[in-house]
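Single-structure report; data block below.
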Amino acid sequence: MTNSLLFGISIFVYFFAMVLYVSYLAFRSEMLGKAASLSMLGGVVVETAALGMRWYESYQLGIGRAPLTNLYESLAFFAWTIALIYLVLERKFKIRTVGAFVAPFPFLIMAYASLNPNDIQPLVPALKSNWLIAHVVTCFVGYAAFAVSFGVSFLYLLKAGSEKRSPKSAGSFWDFLPSSSALDEIGYKTIAIGFPLLTIGIVTGAFWANVAWGTYWSWDPKETWSLIVWLIYAAYLHARITRGWRGKRAAILSIAGFAATIFCYLGVNLILSGLHSYGGAS
Amino acid sequence: MSADEPVKTAKTDGTDWIERIWNFFTSLKLVVFLLLMLAALSIAGTVIEQNKPLQEYYRFYQPGTVALFSRLGLFDMYHSWWFVACLSLLALNIAACTMDRYRGIMAGMRKKNLVIDEKLSKSLQNLTTIRYALPLDVVEKKVAALAGKGFPGKPVVTQAEDGGRHYFFEKGKYSRLSFFVTHLSILIIFLGAISGSFFGYKGYVNIFEGETVSQVETRAGRIQYPDFQVKCNTFNAEFYPSGAPMDYRSDLSILQNGKEVIRKTIRVNDPLTFEGVTFYQSSYGGQPDQAAIDVVNRDGALIGTVTAPFGGKVDIPGVADQMEAADYQEHFPMSDGADGGRAVGVNIYPVTGSPVGLWLLVNHPEYDKQRGGDTYFRVRDLKLKKYTGLQVNRDPGEILVWLGSILLIAGIMIAFFMSHKKLWISLRTDKKGRSELTIGGTANKNRDAYAKEMEQMIQSLKEVS
């Protein structure tokens, strides 16, 4: 299948992007930085083609559905959204140094996806809904924004630590990174993008659940974990209203939020059981 | 949700105990604590499976642990008193904060300062003075037009004593209300959930093809519909060649006074709603309708066939005994533990003596031979009646939940992506006869972006000639 081949290529391109982003940080060469961004863009282009091809091939098989409905497809789509949203935010906030901490995600996720069965299966009745695309896309774009925020917060902690140790070090590696206050602000802004999307994702999910199962909220593990993620970021946003919760504590909350996001996305499917078992490994 | 404008609340020392309670309920610490507390508590319910029969817990945990968890309410934790208490505290906290900030937000929307004075100028960003060689009225015309591009509403113009004029522009004033929209939306969702649990119900009903029902079973008991019935015309399940389910659909009719008022084929993602009651495709199954049973001589010669409706006695040909098809199993357990497939439970009523019960296996016609005797029975045909399993809901709070959800999304969008921007421009003629313009602005959120916007405006104002 052409889509498998294209997905396979995208793994390699993402790998190169990751290596280039790390080298950019290590050698501080603008050339490497541009090559890293281009490589990431290349990965997105190849994977866009792969997703489109998979969608098209599902029609050729007489199934005809969006490629968003099992673990393999959702991992591939997750990698794609992280890469794409990262590139958009990199351009918007000029944070190429964060790439070293975000670029590993598309590569690792795609590598993990390749270990899972990738045949195109037809949809079970519960997934045959127009809400599928709206629900999955909003959730994943939200997750991707949180992934970027995680990278930014991680860099913030490194940078803030170095600023504390040696306040002025012109020309050093640390000087190459954005200032800690800029990172703090960008971390907030990326969450400000992810949070409304997660909210829409939860609401569309509830609405869909109500149509399919006759209950908009049943405290199943997936729903509950998405609420946990929402609560953590809500706490983050409220905490920032006071000056006291900027900086380190905000960064730690942002990292905790992303850890919960990853658990909500993967941990629930792989470890816990519930209504959302479509994405499970079996 | 703004991080830019410090929150102004009238905090006092809290010597009065009412004030202390008020300060506790309006404190930001409580909000953050409750949000993180709810997140942490919620984890427990995803690790311990909720609302299972008690015996299942005994398989996983020690009896002492089961007793402890049960007492703590951990098996139904989202309805436990402590979880509900946390949610109630959050609701109180939201309500108190909304009241606490009401005056501040309303004050922010008022047009307080229309003129740049000494006090105001200290709080303005991009405060700039530009001097022109042009006459004041020419400058004024051009400036008003330029500033008007960024601020579509009409400015407030104040005449100054020295002949100058002050312009006040603003936009996005109502975005300040996003605080109320987001926070009250949560309370609306809570209200919807509460009214749903008090005035709504979730029920289940199985309807056989061709049959009509007017009542459903709920946890709290049976609910009767006095003015309508639901009829299942047909039920169909389709499967992919792999065996995975493709489609479940029930053709339903709503009857009133014996007349069909609505007919709809419902599917998993497409329920039917009538008078506030919604019917969802939930499950399906079959129950035996009648069995055709052969009476066979031991040597294999057919004596006759009995057509036995379930639950009714019929005569057995050749003998005076009667038989009744009384029971059915989808998967009959064989003595060696294997799956014997579909089986019909039959009661034989001899003329004298007590009745005998025996199982006849559809896939094993000789099974009954093991009983011994001159004749044995085998199932020739088994007719199953299909039924559709419907979930039946009534939730008057649902509409509030959706209203709250939409408000929540709208409120968050406004809170993050809109701000209340103000712009002041003062025009006057200075002592040397030049036209002097002073400009400055504020925004309640996202000040960096507004500063850039203003820089551009100031640049274009400087180019006025």
Could you count how many residues in region A:24-56 are polar (S, T, N, Q) and modelled with pLDDT under 95? 1
Of the residues A:A83, A:A26, which is in a helix (DSSP H, G or I) and either assigned by TED's automatic domain parsing to the domain that holds A:T261 or closer than 30 Å to A:L132 by Cα (or both)? A:A83
Inspect all residues belonging to region B:207-221 and state whether any of them is aromatic (F, W, Y) and part of a strand (DSSP E or B). yes
Counted residues, region B:199-231 - those being at pLDDT 90 or above, surrounded by fewer than 17 Cβ atoms within 10 Å (Cβ to Cβ), of a type in the set (D, E, K, R) and touching a Lys or Arg at 6+ places or on another chain (Cβ under 8 Å): 1
Touching a strand residue (DSSP E or B) at 6+ places or on another chain (Cβ under 9 Å) and part of a loop (DSSP other than H, G, I, E, B), is that true of B:V319? yes
Give me the pairs, please: first residue somewhere in region A:1-23 and assigned to a helix (DSSP H, G or I), second residue anywhere and among the basic types (K, R), beta-carbon distance under 7 Å, and either six or more positions apart or on two chains. A:N3/A:R54
Residues of region B:416-465 being touching a Lys or Arg at 6+ places or on another chain (Cβ under 7 Å), surrounded by 19 or more Cβ atoms within 10 Å (Cβ to Cβ), of a type outside the set (G, A, S) and part of a loop (DSSP other than H, G, I, E, B), which ones? B:H420, B:N444
Selection from region A:174-186 of residues touching a residue at least 40 places away in the same chain (Cβ under 8 Å) and either closer than 16 Å to A:V229 by Cα or among the aromatic types (F, W, Y) (or both) yields A:F176
Return the residues of region A:91-131 that are hydrophobic (A, V, I, L, M, F, W, C), in contact (Cβ under 8 Å) with a residue 12 or more places away in the chain, more than 14 Å from chain B (Cβ to nearest Cβ) and not in a helix (DSSP H, G or I); say none if nothing qualifies. A:I95, A:A103
Select from region B:275-302 the residues that are within 14 Å of chain A (Cβ to nearest Cβ) and in a strand (DSSP E or B) and write down the one among them that is nearest to B:K313 (Cα to Cα). B:Y284
All but one of (1) touching a Phe, Trp or Tyr at 6+ places or on another chain (Cβ under 6 Å); (2) closer than 20 Å to A:L198 by Cα; (3) within 14 Å of chain B (Cβ to nearest Cβ) hold for A:F150; which doesn't? (3)
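So that you can scan it fast, the table gives a plain yes or no per residue for (1) outside any strand (DSSP E or B); (2) surrounded by fewer than 15 Cβ atoms within 10 Å (Cβ to Cβ); (3) modelled with pLDDT of 90 or more:
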{"residue": "B:E140", "(1), (2), (3)": "yes, no, no"}
{"residue": "B:A147", "(1), (2), (3)": "yes, no, no"}
{"residue": "B:V157", "(1), (2), (3)": "no, yes, yes"}
{"residue": "B:E170", "(1), (2), (3)": "no, no, yes"}
{"residue": "B:S175", "(1), (2), (3)": "yes, no, yes"}
Subset of region B:16-39, residues more than 8 Å from every other protein chain (Cβ to nearest Cβ) and either under 18 Å from A:L231 (Cα atoms) or among the basic types (K, R) (or both), comes to B:R20, B:S27, B:K29, B:L30, B:F33, B:L34, B:M37
Can you pull out the residues in region B:11-60 that are in contact (Cβ under 8 Å) with a residue 12 or more places away in the chain and not assigned by TED's automatic domain parsing to the domain that holds B:M77? B:K11
Looking at A:W230, A:W245, which one is at pLDDT 95 or above, more than 7 Å from chain B (Cβ to nearest Cβ) and closer than 27 Å to B:T26 by Cβ? A:W230
Within the bounds of region A:189-209, is there any residue that is more than 14 Å from chain B (Cβ to nearest Cβ) and charged (D, E, K, R)? no
B:S250 fails exactly one of the following numbered conditions: (1) exposed (fewer than 15 other Cβ atoms within 10 Å of the Cβ); (2) in contact (Cβ under 8 Å) with a residue 40 or more places away in the chain; (3) small (G, A, S). What is the number of that condition? (1)
Looking only at region A:106-116, decide whether some residue is modelled with pLDDT under 90 and not assigned by TED's automatic domain parsing to the domain that holds A:I193. yes
Extreme residue, surrounded by the most Cβ atoms within 10 Å (Cβ to Cβ), among residues of region A:218-227 that are more than 7 Å from chain B (Cβ to nearest Cβ) and modelled with pLDDT under 95: A:E223
Let me confirm something: among B:G196, B:G243, B:G192, which residue is of a type in the set (G, A, S) and not in a helix (DSSP H, G or I)? B:G243
Any residue that is under 19 Å from B:K385 (Cβ atoms) and without any contact (Cβ under 8 Å) to a residue 40 or more places away in the chain - is there at least one of those in region B:194-210? yes
Kindly evaluate B:T307 against the criterion of being more than 30 Å from A:L61 (Cα to Cα), of a type outside the set (A, V, I, L, M, F, W, C), free of Cβ contacts under 8 Å to residues at least 24 places away in the same chain and assigned to a strand (DSSP E or B). yes
Kindly evaluate A:S114 against the criterion of being surrounded by 22 or more Cβ atoms within 10 Å (Cβ to Cβ) and within 18 Å of the chain's Cα centre (by Cα). no
Inside region A:251-272, can you point out the residues that are at pLDDT below 90 and more than 8 Å from chain B (Cβ to nearest Cβ)? A:L266, A:G267, A:N269, A:L270, A:I271
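The values are calculated or read from the model by the stated rules, or taken from the named source; none is laboratory data. Here the structure is a predicted model, which is why all the values come from computation and not from measurement. Cβ coordinates were reconstructed from backbone atoms using ideal geometry, including for glycine residues, and neighbour counts include every protein chain displayed.
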